[in-house]
Amino acid sequence: MVVVSEESGVASSVWRLGTLRVSRIGFGAMRLASAAAFGTGPSRDRAESIAVLRRARELGVTHFDTAAFYFSGRRSANELINAAFPDHDDDLVIATKVGPARNASGEWVDPARPDQLRGQVEENLRQLGRDHLDLVYLRALGSGSVSELFGALADLQAEGLIANLGVSNVSTAQLSEAADIAQVVSVQNRFGLDQRTAEAVAVLAETTRRQIAFVPYFAMAGKAGERGRTDETNPVVTDIANRHGATASQIRLAWTLHQGPNVLAIPGTGDLNHLEQNVAAATIHLTHEELNDLVAEPTT
């Protein structure tokens, strides 16, 4: 496998998120509290999770993606991030998302109404121990209008509770609708090598046109989504990984970063070895021939 170098850390490539600069390889916190998505499995060891976060920062990661609904029976991703970085490093960028909600028992409940978003924002502030949030995504649930919800977040931004705004799980129309209300600095949508729907490709193209960040989630998992990828099923990925002395997951991450300078990656893990492999993927250069071999036609 390709390993991270202590001298180089994360590749020097960065992107600007509104008022912020971030490393293009970031860290997704969904599996920090539990190995299972959204904390549905046994809680992780707290000290180990904090060690993973601090190691990521040592390796040059500055972009950490989280949410208040990332928690397990005994762990909260936000609380772990707060404990790992109590000094509030000025270069550290913490992105969170609002809209969906889980109750104290971990069950999904109705998504927030516009008047409930303040409570979700304040809950993230409390858990993270911060006076303002660096970046907040509105996670859209469905194809309807996002104007009221995004407008409510824009009001909270005007109050100083939020520095930058993004949207997640949106169509090009929803992105345009939000951008007419306030500046959108980033879009977080599902996208990956074998999860390239026509709509996903269109949203990526629109973010590139607007020169804003595109942050895929489940980029390594592909069709497996929140279940997480286990065995690699794409023989082209396996072949290219063997050629580079890399893992299949590293090739998938490298492919993601090759989609454009505005494309960021937020792989998540609770394992130190996997973390270092993810960071090292930023150093893998794929040839035009390899990129062409990897790409399949978008599905609808």
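The values are calculated or read from the model by the stated rules, or taken from the named source; none is laboratory data. This is a predicted model, so every value here is computed, not measured. When we count neighbours, we look across all protein chains shown, and the Cβ atoms used for this are built from the backbone with ideal geometry, even at glycine.
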Checklist entry - Among helices (runs of 4 or more DSSP H) lying entirely in segment 131-234, which contain 2 or more residues that are of a type in the set (Val, Ile, Thr)? => result 198-210
Item to check | Subset of segment 22-42 [out of contact with any Asp or Glu (no Cβ under 6 Å at 6 or more places or on another chain) and either of a type in the set (S, T, N, Q) or assigned to a helix (DSSP H, G or I) (or both)] | outcome: Ser23, Ser34, Phe38, Gly39, Thr40
Checklist entry - Applying the selection to segment 35-63, what residues are under 16 Å from Leu135 (Cβ atoms) and free of Cβ contacts under 8 Å to residues at least 60 places away in the same chain? => result Thr62
Next on the checklist: So if I check each of Ala219, Ala248, Ala213, which one is modelled with pLDDT under 95, aliphatic (A, V, I, L, M), buried (at least 16 other Cβ atoms within 10 Å of the Cβ) and under 29 Å from Thr19 (Cβ atoms)?
Outcome noted: Ala219
Checklist entry - In segment 48-104, which residue that is of a type in the set (Ser, Thr, Tyr) and touching a strand residue (DSSP E or B) at 6+ places or on another chain (Cβ under 7 Å) is farthest from Arg16 (Cα to Cα)? => result Ser72
Item to check | Residues that are under 18 Å from Thr66 (Cβ atoms) and of a type in the set (Ser, Thr, Tyr), drawn from segment 268-283 | outcome: Thr269
Checklist entry - Do you know which residues across segment 252-294 are free of Cβ contacts under 8 Å to residues at least 40 places away in the same chain and either surrounded by 24 or more Cβ atoms within 10 Å (Cβ to Cβ) or within 24 Å of Ser186 (Cα to Cα) (or both)? => result Ala254, His258
Item to check | Within segment 133-172, tally of residues that are over 30 Å from Asp91 (Cβ atoms), touching a residue at least 24 places away in the same chain (Cβ under 8 Å) and surrounded by fewer than 21 Cβ atoms within 10 Å (Cβ to Cβ) | outcome: 8
Next on the checklist: Quick check on my filter: what residues within segment 43-61 are within 24 Å of Glu123 (Cβ to Cβ) and assigned to a loop (DSSP other than H, G, I, E, B)?
Outcome noted: Arg44
Checklist entry - Residue check, Lys97 against (1) under 20 Å from Ala33 (Cβ atoms); (2) in contact with a Pro (Cβ under 9 Å, 6 or more places away or on another chain); (3) surrounded by 20 or more Cβ atoms within 10 Å (Cβ to Cβ), all met but one. Which one? => result (2)
Checklist entry - Going by the structure shown, is Asp89 within 20 Å of the chain's Cα centre (by Cα) and at pLDDT below 95? => result yes
Next on the checklist: With the structure loaded, tell me whether Ile81 is more than 14 Å from Ala178 (Cβ to Cβ), at pLDDT 95 or above and either touching a Gly at 6+ places or on another chain (Cβ under 8 Å) or assigned to a helix (DSSP H, G or I) (or both) or whether it fails that test.
Outcome noted: yes
Next on the checklist: For segment 173-208: of the residues being closer than 30 Å to Val236 by Cα and small (Gly, Ala, Ser), which is surrounded by the fewest Cβ atoms within 10 Å (Cβ to Cβ)?
Outcome noted: Ala198
Checklist outcome for this item: Filter segment 86-117 for residues that are touching a Phe, Trp or Tyr at 6+ places or on another chain (Cβ under 6 Å) and charged (D, E, K, R); the one that is nearest to Leu59 (Cα to Cα) is Lys97
Next on the checklist: What's the number of the only condition in (1) over 18 Å from the mean Cα position of the chain (by Cα); (2) modelled with pLDDT of 95 or more; (3) crowded, with 16+ Cβ neighbours inside 10 Å that Arg113 fails to meet?
Outcome noted: (3)
